[in-house]
Amino acid sequence: MKERILMEDPMEEIYAIRREISARYGHDVYRLAEAAKEWMKRDEANGIRYVRLPIVRRAPVVV
């Protein structure tokens with residue numbers, strides 16, 4: 001995001017940023033996820049720690 005385009009409507013600005021990010025990774029969510037994984041690896045190598053929350057599994061509701 002080289003340029004920050006400020007718009008009147010905040011939602012339009014959010015949509016514009018999302019379109020820019022999507023275009024940067026070829027509109028491929030898997031490429032974006034791989035890039036995020038690389039960011040995390042780089043950050044953790046630099047001493048930044050991420051919180052990993054446990055997965056909560058609910059028992060099925062019996063009616």
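The values are calculated or read from the model by the stated rules, or taken from the named source; none is laboratory data. Here the structure is a predicted model, which is why all the values come from computation and not from measurement. Note that we place each Cβ from the backbone using ideal geometry, even for glycine, and neighbour counts take in every protein chain shown. Ligands, DNA and RNA are stripped out before the accessible areas are found, and what is left, the full protein with its side chains, is counted by its heavy atoms. Shrake-Rupley method; radii C 1.70, N 1.55, O 1.52, S 1.80 Å.
Values computed for the structure shown
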item: Checking Glu12 against (1) of a type outside the set (A, V, I, L, M, F, W, C); (2) modelled with pLDDT of 95 or more; (3) surrounded by 10 or more Cβ atoms within 10 Å (Cβ to Cβ), the condition it does not meet; result: (2)
item: Hits in segment 27-49 (condition: open to solvent by less than 90 Å² (accessible area, probe 1.4 Å) and over 28 Å from Ala16 (Cα atoms)); result: Glu44, Ala45, Gly47, Ile48
item: Pairs, first at negative phi in segment 35-63, second loosely packed, with under 10 Cβ neighbours inside 10 Å and among the charged types (D, E, K, R), C-beta under 9 Å, six or more apart; result: Asp43/Arg49
